[in-house]
Amino acid sequence: MSRLWSEMTRRTEPYVPGEQSGHTGIIKLNTNENPYPPSPKVTEAIQEEVSRLHLYPSPTADGLRRAIAETEDLTEDHVFVANGSDEVLAFSFMAFFDPGRLIRFPDITYSFYPVYAKLFGIPYKEVPLRDDFTLDIAGFEQSEGGIILPNPNAPTGIYEPLDGIRKILEANPGRVVIIDEAYIDFAGPSAAGLISEYDHLLVTRTTSKSRSLAGLRVGYALGRPELIEGLVRIKDSFNSYTLDRLSQSGAEAAFRDAAYFREMTDKVLLTRSRSADRLGKLGFRILPSSANFLFCRHPGMAAEQLYSELKERGILVRHFSRPRISDYLRITVGTDGQMDQLIGVLHEVLAE
Ligand code: PMP
C-alpha cells in the first residue's frame, strides 16, 4: 500500500475472480463460462468490422441496443450497454445508490456487490438467506437506499419466482431495485416483464453466459428510459464510447441469431440435469439449480480437499471459503465430454 494512494484506493478490497488457466488440457469449470463457442455469425460480423477499425465506434451503440430491444420486446431507450455486466453494475451503483443511505443485498451473493459498495462509500446491510438458501423476502422490505440481488442467485443457483420479486418492488417505492439476471436464460421468467409496471426496477444482464461471449465483455441493463438516462450520464463522464466496434458488432450478431442461442442453451440445460443426476448418484447434495452451474457438497469429503484433488488432476472448480458455504463446490456445466471426465475423476477421488 503506497502513502500516495487516495483514501478511496486504500479502502478498496479488490475482487478476486476464479483462476484463469494458461494451460491447455485443463478443464475449466470454475467461472461459469459457456462451454460452446459463439455463433458463427458473431465471427463473420467481427471479421467484417475489422475493416472499419480506423473509425470511432458509435458512442450510443445503436445497432446493438436495437437488437437487444427487439429480443426483449422493448424500445431502444429502455436499453443500456457497457463492458460486461460488472461495468453495468458499477455504473448502476454510481447512478442510483447514495453514500448516506443503506442499501441491502443477500449475505450469500455475488461478491462484487460489497466491493463496489466499499469503493463508492455506500453503506450496506446483508440480509441472510433462509436455511434452505432461498431469499428472505421480508428482509428486503423498506430499504433506505435501494436493493441489489441476483436472480438466480450466485453462487447458489436458486431462482426466486417473480411473485417474490414483485413483493420486493412493491415494498420499495422510490428506491432503485436492481435484479442482476446474469443467469436468467437458464431459469424461469425474467423480471424484465415487470418494467412497464415499475419505474424503479433495473434489470442487468450479460452476454458472458448464455450468449458465449465472456471474452467480448458486453453487458446490458433494461429499465425505464429515465433510469437508463441516469446510466448514460455516468457512462459519458468516464468514456463516452464504452463499447468498441468489435464488441458492438459481435454482440449484435449474437442477439440476431436466436436459433443458435436456443440450441446452445438447451444443450447446457440437458447437460445440467444429466450431471446433477450423476453427481447425486455419487452422493453429492445439490441445490436446485436454475443457472449454468451446480452448487453442491459431499458429506464424505471436505469441499476444499475435493477442490484440490480435482485441481491436481487438471479440473478447476470453484470453492469459496466464506462461512455457511465453505462445504460447497460450484461446478460450471461444461460439455458432456467435460462432465464425463469430471464424474470419472470424482469417482476415483471419492473411492480412494
Ligand atoms: N453478475 C453475476 C451474478 C455474475 O455471476 C457475474 C459473472 N461472474 C456477473 C454479474 C458479471 O458478468 P460479466 O461482467 O461477465 O458480464
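Against the empirical 2.2 N^0.38 Å (N residues), the range 109-180 has a Cα radius of gyration ratio of 1.06. The mean sequence distance of close C-alpha pairs (under 8 Å, at least 6 residues apart), as a share of the length of the chain, puts its relative contact order at 23 percent. Between rounded, prolate and oblate, where does the range 252-352 land on the alpha carbon gyration tensor, with a ≥ b ≥ c its root eigenvalues, rounded for a/c under 1.5, else prolate if a/b exceeds b/c? The shape class here is prolate.
Averaging 1/r over every pair of different alpha carbons in the range 1-140 and inverting the result gives a Kirkwood radius of 19.4 Å.
Taking the helices alone, the chain has a mean residue ellipticity at 222 nm of -12000 deg cm²/dmol, built from -39,500 (n - 2.57) per DSSP H run of at least 4 residues and averaged over all its residues.
Dividing the convex hull volume of the alpha carbon atoms of the chain by its residue count gives 151 Å³ per residue. As a size descriptor, the averaged projected area of the C-alpha convex hull of the range 71-222 was calculated at 8.3 nm². Taking the Cβ of T9 as the center, what net charge do the other residues with Cβ under 14 Å away carry, scoring Lys and Arg +1 and Asp and Glu -1? Neighbourhood net charge equals +2. Restricting attention to the chain, the count of lysine pairs at 8 or more positions apart or across chains with alpha carbons under 21 Å apart stands at 8.
Given R0 = 35 Å, the distance between the Cβ atoms of K281 and S237 translates into a calculated FRET efficiency of 0.05. A cut-off of 5 Å between modelled amide H atoms, ignoring neighbours fewer than 5 places along the same chain, links D180 with L149, N151, T204. Counting only Cα atoms, the size of the range 56-97 along its three principal axes is 28, 28, 15 Å, in decreasing order. Which FRET efficiency value, to the nearest 0.05, do you get for D266 and K118 by plugging their Cβ-Cβ distance into 1/(1 + (r/R0)^6) with R0 = 56 Å? Once rounded, the FRET efficiency stands at 0.90. Would you please classify the overall shape of the range 132-274 from the alpha carbon gyration tensor, given that a ≥ b ≥ c denote the square roots of the eigenvalues, rounded means a/c under 1.5, and beyond that prolate means a/b larger than b/c while oblate covers the rest? Oblate, since a/c reaches 1.5 and b/c is not below a/b.
What shape does the range 179-231 have by the C-alpha gyration tensor, where a ≥ b ≥ c are the square roots of the eigenvalues, rounded means a/c under 1.5, and otherwise prolate means a/b greater than b/c and oblate the rest? Since a/c reaches 1.5 but b/c is at least a/b, the shape of the range 179-231 is classed as oblate. With +1 on each Lys and Arg Cβ and -1 on each Asp and Glu Cβ, how big is the dipole of the range 237-281 about its Cα centre, in debye rounded to the nearest 20? The calculated dipole for the range 237-281 is roughly 320 debye.
Every read-out reported here was derived from the displayed coordinates using simple, explicitly stated rules and does not represent laboratory data. What you see is a predicted model; the values in this text were computed from it and never measured. A quick note on method: Cβ atoms are made from the backbone with ideal geometry, for glycine too, and the neighbour counts reach across all protein chains shown.
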